[in-house]
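A.B. asks: Please see the structure below; I have some questions.
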Amino acid sequence: MASQAALLIGPITHARKEWEDLSSLLTLKEFPTGTREEFIQNCKDGKYDDVVVIYRSNTSNKYTGPFDAEMLSVLPSSLKYICHNGAGYDNIDISGCSQKGISVSSTPVAVNNATADVGIFLMIGALRQAHVPLSSLRAGQWLGNTTLGRDPQNKVLGILGMGGIGREMANRAKAFGMKIQYHNRSRLSPELEGDATYVSFDELLATSDVLSLNLALNASTRHIIGESEFKKMKDGIVIVNTARGALIDEKALVAALESGKVLSAGLDVYENEPAVEAGLVNNPRVMLLPHIGTMTYETQKEMEILVLNNLRSAITKGEMITQVPEQKK
């Protein structure tokens, strides 16, 4: 077993000991920082030829860039597993990995509570248009241009993508007296659905007072909300997005906000992070956060532990705990 290695790309902050404990199973290698060019050169130079499993993250993407076709072409032939730290994994070419026999895991479940908490925070902030009084107070203007907000009670929350995060969002929204409806590619089991109502995509758009995006980004969901979808929505709808920015055509969202079709929005993610459309930044009716959905101590530690549990399971059992659903079909 000692001839097999694990490669850590980027940092481990909260579970360093658990990573080091894996040295009894594997040789541990690290690429803590650097450039994509340096990483690819290391691969070409054979530095990772004994690596069977890689630990990477959405954070480490800034060093290596995406695991796309170019990257997959230079990764060592010994590689069997990629253990990814992040609920979203749109920076990994999953079909390319499958073709090369590489299994990929992500960190669902671990992120559900923290992301749903931020979703509710943004929803309430958007309903109350809280940015205006927050910034007015700090500018010494007390209420400033603060207007009346909206209550969540008796509003219909439409959830697009009722996975783990979406269901936690629903649980929290019920405490505010909201009615829950959702749309998925396929209807949930009665146990998971609870008292939420399953509706078509068009009905979700037409009848929701608040629309929360909680689905993965892929080729079929990119810009799933654009100009034509906004036209189908109620006047004065509130949009919440804690998933991926590119699910929404941002320019269409800016136009919908400016026309009044969208009353307000609460966003934690953006199409071209860290760049944000000026029409969002400059609109006081929009609540903005810089992609902090999972930025809590407890959640970050739980995510790191889950990645390492996936890694250990892959090496000892040949299977992963939270393999991505595309590879389970």
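A.B. asks: If I filter the range 1-43 down to residues being assigned to a helix (DSSP H, G or I) and aliphatic (A, V, I, L, M), which single residue comes out as most open to solvent (accessible area, probe 1.4 Å)? First the steps, then the outcome.
C.D. replies: Start the filter on the range 1-43 by keeping residues that are assigned to a helix (DSSP H, G or I), which leaves 16-24, 36-43.
From what's left, aliphatic (A, V, I, L, M): 22, 40.
On the way: Leu22: 2, Ile40: 20 Å².
Looking at residues that are assigned to a helix (DSSP H, G or I) and aliphatic (A, V, I, L, M), I get Ile40.
A.B. asks: Every residue in the range 281-294 that is within 19 Å of Ile237 (Cα to Cα) and surrounded by 20 or more Cβ atoms within 10 Å (Cβ to Cβ), please.
C.D. replies: Passing the criteria: Val286, Met287.
A.B. asks: Considering only residues that are open to solvent by 10 Å² or more (accessible area, probe 1.4 Å), in contact (Cβ under 8 Å) with a residue 40 or more places away in the chain and either within 22 Å of Tyr89 (Cα to Cα) or not assigned by the TED database to the domain that holds Leu127 (or both), which ones fall in the range 239-266?
C.D. replies: Of everything in the range 239-266, those that are open to solvent by 10 Å² or more (accessible area, probe 1.4 Å), in contact (Cβ under 8 Å) with a residue 40 or more places away in the chain and either within 22 Å of Tyr89 (Cα to Cα) or not assigned by the TED database to the domain that holds Leu127 (or both) turn out to be Thr242, Ala243, Arg244.
A.B. asks: Now a separate question. Hey, Ile224 hits all of (1) closer than 18 Å to Asn184 by Cβ; (2) out of contact with any helix residue (DSSP H, G or I) (no Cβ under 8 Å at 6 or more places or on another chain) but one; which does it fall short on?
C.D. replies: (2)
A.B. asks: On the basis of being touching a Lys or Arg at 6+ places or on another chain (Cβ under 7 Å) and within 21 Å of Leu205 (Cβ to Cβ), does Asp235 make the cut? Break it down into steps so the answer makes sense when it comes.
C.D. replies: Details: touching a Lys or Arg at 6+ places or on another chain (Cβ under 7 Å): yes; within 21 Å of Leu205 (Cβ to Cβ): yes.
Spelling it out, Asp235 is indeed touching a Lys or Arg at 6+ places or on another chain (Cβ under 7 Å) and within 21 Å of Leu205 (Cβ to Cβ).
A.B. asks: Next question, about the same structure. Hey, among the residues in the range 89-119 that are of a type in the set (Ser, Thr, Tyr) and under 30 Å from Ser3 (Cα atoms), which one's nearest to the chain's Cα centre (by Cα)?
C.D. replies: If we filter the range 89-119 for residues that are of a type in the set (Ser, Thr, Tyr), which is where we start, we get 89, 95, 98, 103, 105-107, 115.
Now restrict to residues that are under 30 Å from Ser3 (Cα atoms): 89, 95, 98, 103, 105-107.
Working: Tyr89: 8, Ser95: 19, Ser98: 22, Ser103: 20, Ser105: 14, Ser106: 11, Thr107: 10 Å.
Top of the filtered list is Tyr89.
A.B. asks: Within the range 128-145, track down each residue that is open to solvent by 60 Å² or more (accessible area, probe 1.4 Å) and farther than 20 Å from Met169 by Cβ. If you could, list the steps in order and put the result at the bottom.
C.D. replies: The initial filter retains those residues of the range 128-145 that are open to solvent by 60 Å² or more (accessible area, probe 1.4 Å), namely 128, 131, 134, 137-143, 145.
Correct list: His131, Leu134, Leu137, Arg138, Ala139, Gly140, Gln141, Trp142, Leu143, Asn145.
A.B. asks: Going through Ala170, Ala216 one at a time, which residue ends up being at pLDDT below 95 and within 19 Å of Thr115 (Cα to Cα)?
C.D. replies: Details: Ala170 fails: at pLDDT below 95.
On inspection, the qualifying residue turns out to be Ala216.
A.B. asks: Let me ask something additional. Would you tally the residues in the range 50-88 being within 20 Å of the chain's Cα centre (by Cα), of a type outside the set (Gly, Ala, Ser) and open to solvent by less than 30 Å² (accessible area, probe 1.4 Å)?
C.D. replies: Applying the first criterion (within 20 Å of the chain's Cα centre (by Cα)) to the range 50-88 yields 55-68, 82-88.
Still in the list and also of a type outside the set (Gly, Ala, Ser): 55-56, 58-59, 61-64, 66-68, 82-85.
Okay, now just the ones that are also open to solvent by less than 30 Å² (accessible area, probe 1.4 Å), so 55-56, 64, 67, 82-85.
Residues in the range 50-88 being within 20 Å of the chain's Cα centre (by Cα), of a type outside the set (Gly, Ala, Ser) and open to solvent by less than 30 Å² (accessible area, probe 1.4 Å): 8 in total.
A.B. asks: Same structure again: List the pairs whose first member sits in the range 1-16 and is in the same structural domain as Ala314 (by the TED database), whose second member is modelled with pLDDT of 95 or more and surrounded by fewer than 11 Cβ atoms within 10 Å (Cβ to Cβ), and whose Cβ atoms are under 8 Å apart, counting only residues at least 6 apart or on separate chains?
C.D. replies: Close Cβ pairs satisfying both conditions: His14/Tyr297.
A.B. asks: Output the qualifying pairs, or none if there are none: Cβ atoms under 6 angstrom, residues six or more apart or on different chains, first residue in the range 146-158 and in the same structural domain as Thr197 (by the TED database) and open to solvent by 50 Å² or more (accessible area, probe 1.4 Å), second residue acidic (Asp, Glu) and not in a strand (DSSP E or B).
C.D. replies: What qualifies is Lys155/Asp209.
A.B. asks: Yes or no: Ile315 in the same structural domain as Val52 (by the TED database), open to solvent by 20 Å² or more (accessible area, probe 1.4 Å), out of contact with any Lys or Arg (no Cβ under 6 Å at 6 or more places or on another chain) and closer than 26 Å to Asp117 by Cα? Step through it out loud before you land on a result.
C.D. replies: On the way: in the same structural domain as Val52 (by the TED database): yes; open to solvent by 20 Å² or more (accessible area, probe 1.4 Å): yes; out of contact with any Lys or Arg (no Cβ under 6 Å at 6 or more places or on another chain): yes; closer than 26 Å to Asp117 by Cα: no.
So Ile315 fails the test.
A.B. asks: Identify, by number, the condition in (1) within 21 Å of Met123 (Cα to Cα); (2) modelled with pLDDT of 95 or more that Glu191 doesn't meet.
C.D. replies: (1)
A.B. asks: While we're looking at this one, here's another question. Which residues, taken from the range 89-107, are among the hydroxyl-bearing types (Ser, Thr, Tyr) and open to solvent by 10 Å² or more (accessible area, probe 1.4 Å)?
C.D. replies: Here is the first cut: in the range 89-107, the ones among the hydroxyl-bearing types (Ser, Thr, Tyr) are 89, 95, 98, 103, 105-107.
The answer is Tyr89, Ser95, Ser98, Ser103.
A.B. asks: If you don't mind, another one. All but one of (1) more than 14 Å from the chain's Cα centre (by Cα); (2) open to solvent by less than 30 Å² (accessible area, probe 1.4 Å) hold for Val269, so report the exception by its number.
C.D. replies: All conditions are met except number (1).
A.B. asks: Suppose we keep only residues that are under 16 Å from the mean Cα position of the chain (by Cα) and open to solvent by less than 60 Å² (accessible area, probe 1.4 Å) within the range 219-238. Which one would you say is nearest to Gly279 (Cα to Cα)?
C.D. replies: Ile224
The values are calculated or read from the model by the stated rules, or taken from the named source; none is laboratory data. Only a predicted model underlies this, so the values are computations on that prediction, with no experimental measurement involved. Ideal geometry is used to build each Cβ from the backbone, glycine not excepted, and the neighbour counts take in all protein chains shown. All accessible areas refer to the heavy atoms of the entire protein, side chains included, with ligands and DNA or RNA removed. Shrake-Rupley method; radii C 1.70, N 1.55, O 1.52, S 1.80 Å.
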